[in-house]
1. The conditions are (1) over 14 Å from the mean Cα position of the chain (by Cα); (2) at negative phi; (3) surrounded by 14 or more Cβ atoms within 10 Å (Cβ to Cβ); (4) in contact (Cβ under 8 Å) with a residue 12 or more places away in the chain, and Q129 fails exactly one of them. Which is it?
2. So which strands (runs of 3 or more DSSP E) stay within the range 21-124 end to end and still have 2 or more residues that are exposed (fewer than 15 other Cβ atoms within 10 Å of the Cβ), at pLDDT 95 or above and of a type outside the set (A, V, I, L, M)?
3. Within the range 7-20, track down each residue that is outside any helix (DSSP H, G or I) and either touching a Pro at 6+ places or on another chain (Cβ under 9 Å) or crowded, with 17+ Cβ neighbours inside 10 Å (or both).
4. Among D106, D74, which is the only one that is in contact with a Cys (Cβ under 7 Å, 6 or more places away or on another chain) and in contact (Cβ under 8 Å) with a residue 40 or more places away in the chain?
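The values are calculated or read from the model by the stated rules, or taken from the named source; none is laboratory data. None of the values given here were measured: they were computed from a predicted structure. Cβ sites come from the backbone with ideal geometry, for glycine too, and all protein chains shown count toward neighbours.
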Amino acid sequence: MSEQNKTLVRRVIEDVYNQGNLAVADELAASELVIHLTSQEIRGREGATQYVAALRAAFPDLHMTIEDQIAEGDRVVTRWTARGTHMGEFQGIPPTGKQVRVAGTDIDRIAGSKVVECWSHVDDLGMMQQLGAIPAA
């Protein structure tokens, strides 16, 4: 089961985030999906697809690379690196044309062969510094 769960999460990253294929979200995410971010909570599959669409609008060349993945029981932990060029508005910041590299870790809970919950920890401060929205230390 752990390998199947890892494959499911890899498909979310590859198909939804990297390729922007939001239609497969119906297959991979539960309708009651909850994503816990540091600054907000996203509820429902529709909310999740809107979130990804906004990310891809801001960073159209968004590409996430899986660095490590561990699975046990109904949980999958994925350490990833995302790269992209800021070409659209992001969190009120107009496009800068800057390339960013952001690290993060997700813990996904799987039930019924779908992602039902995700705890996501992202280096938001580092991203804002790279975009020039916050001065670098």
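1. Every condition holds for Q129 apart from (4).
2. Because the criterion is at least 2 residues that are exposed (fewer than 15 other Cβ atoms within 10 Å of the Cβ), at pLDDT 95 or above and of a type outside the set (A, V, I, L, M), the strands (runs of 3 or more DSSP E) in the range 21-124 that meet it are 29-36, 41-43, 63-72, 75-85, 99-111.
3. G20
4. Going through D106, D74 in turn, the sole match is D106.
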